[in-house]
Amino acid sequence: MSEKVKELREQFGQKLSAAADPQVLEALRVEYLGKKGSVTDLLKSMKDLSGEEKKEFGQQVNLLKNEIAEAIAAKSEQLRQEALEREISLMPEFDLSAPPVLDRGSYHPITLVQRECENVFRSMGFTVEDYSEIVTDYECFESLNIPKHHPARDMQDTYYLTNGQLLKSQTSAAQNAIYKKYRKALIEEGKPIKAIFPGRCFRNEATDNCHENTFFQMEGVMVDKNISISNLIFFMKTMLSEVFRKDIKVRLRPGFFPFVEPGFELDISCLICGGTGCPSCKHSGWLELCPCGMIHPEVLKAGGIDPEEYTGFAFGLGMTRLAMMKYGIKDIRDLNSGNLKALSQFTQDC
Ligand code: FA5
């Protein structure tokens, strides 16, 4: 019997060395460890052995089973690393001082980052929503637990139209509509609300290296039964590691937003200066990137969702700042400048 184990081990070793992609590896796992796999067959064949033989043979087969499972896991990680390295080696290096490539159109760096974020969240089951740039006071503030004359409004002065509507100062302005759109499916069919909504925001503020009066955010919400801060942290970490494809130093600190409780500020270590301090991070070494928190019960109520039964998290990713960090752009104002010399460095075929 032990001959069979030996034979199988050798045969598996040869096939494993030849496996060059995850699909082949998965097929190999099923072939050996699946319900009808060779190792499982060996275990089944033990029933015909005597007590002592059974014990010895069982140990050998279990050892083989563990070896195969470990070898497949290690090979899977190796293939993942190799694929990542291949992808990184194909990424273009950006040099802002290089001559412009003006003979063909290019995607704006924010479009590139936005698409990347959308793909990451789509792969985790989020829908991507669009929302208007002109919103009502109710959408932008009141439905978010920010009544008239609340001091939190001072942080987000924006541009008002003569009819009382305004240019949205935050993508959170779409939250109420999203809850109302999906509440029925949540309540009647038990489908969690998982949505992201990227969009342009406007604020009447003085500009500097990391502040613009027109910039992009990407809001995300998830609502279901038993959603907790751990879910929030998981999604934030996944998004950052997928977008940057390297370890990023992150810090989470308490932050106040009337529409979340508790609320956090998620900062990343400035990638322009490596955290030592520069004008891009206002010399702090950290950049505020993605405030987030657990959705306030009043906000869920305004969206027609019972906060006694459902909880959720929300985040507001600063996409323009993310593009700065990802592409090493020192001054946020370059992004809206229309300066083709700078922007065409990010050229990708349209
Ligand atoms: C908000 O706008 C909240 N709506 C975010 C939020 C959503 C909190 C959901 C909790 C739950 P804040 O004003 O901090 O928060 O802006 C969010 C991010 O947008 C900032 O961290 C920053 O990355 C970016 N941002 C804000 N103002 C500017 C600006 N003037 N220029 C460029 N980016 C900005």
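Candidates are the residues of region 234-255 that are hydrophobic (A, V, I, L, M, F, W, C) and free of Cβ contacts under 8 Å to residues at least 60 places away in the same chain; the one that is farthest from the ligand (Cβ to nearest atom) is F234. Mind telling me which of the residues K148, K194 ends up being out of contact with any helix residue (DSSP H, G or I) (no Cβ under 7 Å at 6 or more places or on another chain), part of a strand (DSSP E or B) and more than 30 Å from H283 (Cβ to Cβ)? From the options K148, K194, the qualifying one is K194.
For region 256-270, the set of residues classified as open to solvent by less than 60 Å² (accessible area, probe 1.4 Å) and either away from the ligand (no atom under 11 Å from the Cβ) or not charged (D, E, K, R) (or both) consists of F257, P258, F259, V260, P262, G263, F264, L266, I268, S269, C270, listed by residue number. Among the numbered conditions (1) open to solvent by less than 50 Å² (accessible area, probe 1.4 Å); (2) touching a residue at least 60 places away in the same chain (Cβ under 8 Å); (3) aliphatic (A, V, I, L, M); (4) farther than 25 Å from V113 by Cα, the only one that I187 does not meet is (1). Selection of first residues in region 314-339 that are more than 12 Å from the ligand (Cβ to nearest atom) and of second residues that are among the hydroxyl-bearing types (S, T, Y) and open to solvent by less than 40 Å² (accessible area, probe 1.4 Å), restricted to Cβ pairs under 8 Å at least 6 apart or on distinct chains, gives the following pairs, ordered by first then second residue: K330/S280.
Can we say F12 is farther than 28 Å from R245 by Cβ, of a type in the set (F, W, Y), at pLDDT below 90 and not assigned by TED's automatic domain parsing to the domain that holds R245? Here the answer is no, as F12 does not meet what is asked.
Every listed requirement among (1) open to solvent by 40 Å² or more (accessible area, probe 1.4 Å); (2) within 15 Å of the ligand (Cβ to nearest atom); (3) among the small types (G, A, S) is met by S143 save one, (1).
The values are calculated or read from the model by the stated rules, or taken from the named source; none is laboratory data. Here the structure is a predicted model, which means the values were calculated and not measured. Neighbour counts run over all protein chains shown; Cβ positions are idealised from the backbone, glycine included. Ligands, DNA and RNA are stripped out before the accessible areas are found, and what is left, the full protein with its side chains, is counted by its heavy atoms. Shrake-Rupley method; radii C 1.70, N 1.55, O 1.52, S 1.80 Å.
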